[in-house]
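The values are calculated or read from the model by the stated rules, or taken from the named source; none is laboratory data. Everything quoted here is computed from the prediction, not taken from an experiment. Because the Cβ atoms are built from the backbone with ideal geometry, glycine has one as well, and the counts that use them run over all protein chains shown. Ligands, DNA and RNA are excluded from the accessible area calculation, which covers all protein heavy atoms including side chains. Shrake-Rupley method; radii C 1.70, N 1.55, O 1.52, S 1.80 Å.
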Amino acid sequence: MQTSNIIIGGGLAGLLTAWHLEKKGLPYLLLEAKRQLGGRVLGAKSDTSAHYHDLGPTWVFPHQQGIQRLLDELGLPYDEQYTQGDALFQKPGTQGTTRTAGAGVMSMYRVRGGMTRLIDALYSRLNRQNIKTSHPVIHTTRGDGCWVVTAQNDDERLTFEAHHLILALPPRMITQHLTPKHWASSGLINDLDQVPTWMAAQAKFVSTYASPFWRENGLSGQAFSQQGPMQEMHDACGFGVCTVTDNVDVDVATSALFGFVGVPASYRAQFTEAHIKQACLAQIEQLYGVQAAPATAVFYKDWAADKYVAAKRDISESPAHPYFALSRHQQELAQKNLYLVGSEFADTDAGYLEGAVCAVNAFIDSV
């Protein structure tokens, strides 16, 4: 199959690139390795509502105007993170908790219904014939002014050709999966491999409840711990009403807490998912008391175990903000009709949703 543009990666950057190309009337094919779209934007569907519990990115920050404009353009409302009430602290070597008046956190926004709404909204605007999920790329090369991309779909190997190749992936996923030794200079490969994937070694836990008992007790849902396994927790309740398909208003009010698991990825790997979930629930009960015992559902995502997100270096290194010197490689990229639009390639807010929007906009401005 031949086309003008191949996009590799079906997360926010890849889908946004596809939408811009579609609006310009430019042909494209998007290849995504996983069965579902979204990349690091991942939501666990609530059993009782239309809400998605965020297991990946949760917040949009006030200064991030690009992602806010995108949400507005797509008609997706967003609300301030709930921070009303007191915060809790767990200090090392102590059994009890300390309650502090006022959570005292900066403003942050959450997409109503969950961040998955953003992925769904973009996908609904695309020609689905141009989107191929469960198509992990296993070989990439370039010759005679053309890119040749081989993907595996079940037991079938498929070859695609394009004049332009658009990589909507973290740098280390490019070096790990897209066989750059066949098409990239050693300098480019080295620089790609130096850039950490933002939040790649993180794990996230969500538990839901019949009611937001912490709010009823004057608590914000925000908690910080130096004991673990979670080091930071927040209120993750839904926002009441969300407009979904067929313009139907659906009640998505749902009571939930979420936390970042601070245990290192190498240590987490020694335990089963069930064991980690139980440890997180026990910690919440230590913080909030017996009211927290009857969780209605629990969700857990260890991003370090996701081969399409975390490289070995991401797991072994300390977390760091990504930076890629794109200008250093512009000549090579231009000569090869190669474009890097993943969030880690952005000039600002690299790694965040805002970074994905900025990186894609920079590419589109050059088309």
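Table for the structure above
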read-out	value
Residue pairs, from the table K24/K204; K24/K312; K204/K312; K181/K312; K91/K307; K91/K301, whose Cα atoms sit over 30 Å apart	K24/K204; K24/K312; K91/K307
DSSP-loop GluC sites (Glu not before Pro) across segment 293-367, with at most 16 other Cβ within 10 angstrom	E317
Nearby lysines by direct alpha-carbon distance to K23 (threshold 27 angstrom, same-chain neighbours under 8 apart not counted)	K34, K132, K336
Length released on extending from Q194 to R328, taking residue separation times 0.36 nm less the Cα-Cα span	46.8 nm
Amide H contacts of L29 (H built 1.01 Å from N, under 5 Å, at least 5 apart or other chain)	N5, I6, I7
J(HN,Hα) series, segment 348-360, from Karplus relation 6.51 cos²θ - 1.76 cosθ + 1.60, nearest Hz, glycine and proline x	10, 6, 4, x, 8, 4, 4, x, 4, 4, 5, 5, 5
Phi-based couplings in Hz for segment 148-165 (Karplus 6.51, -1.76, 1.60; Gly and Pro marked x)	10, 10, 10, 10, 10, 10, 6, 9, 10, 9, 10, 10, 10, 10, 7, 7, 10, 10
Computed E for S316/K91 - FRET, C-beta separation, R0 30 angstrom, nearest 0.05	0.55
Accessible surface ranking that places the most exposed of W59, W183 first, with a 1.4 angstrom probe	W59, W183
Residue (of I284, H182, V261) at the positive-pole extreme of the chain, dipole from beta-carbon charges	H182
Label point distance in nm, H182-R128, each placed 7 Å from Cα along Cα→Cβ	3.1 nm
Å² per residue, accessible surface of the chain at 1.4 Å	45 Å²
Positive-end residue, the chain charge dipole about Cα centroid, Cβ charges, pick of M106, G143, F239	G143
Cβ-based net charge around C146, under 11 Å, with every Lys or Arg adding one and every Asp or Glu removing one	0
Alpha carbon convex hull of segment 39-190, volume per residue in cubic angstrom	242 Å³
Of all accessible heavy-atom area on segment 65-201, the percent that carbon and sulfur account for (1.4 Å)	45 percent
Most to least accessible of M173, M1 (protein chains only, probe 1.4 Å)	M1, M173
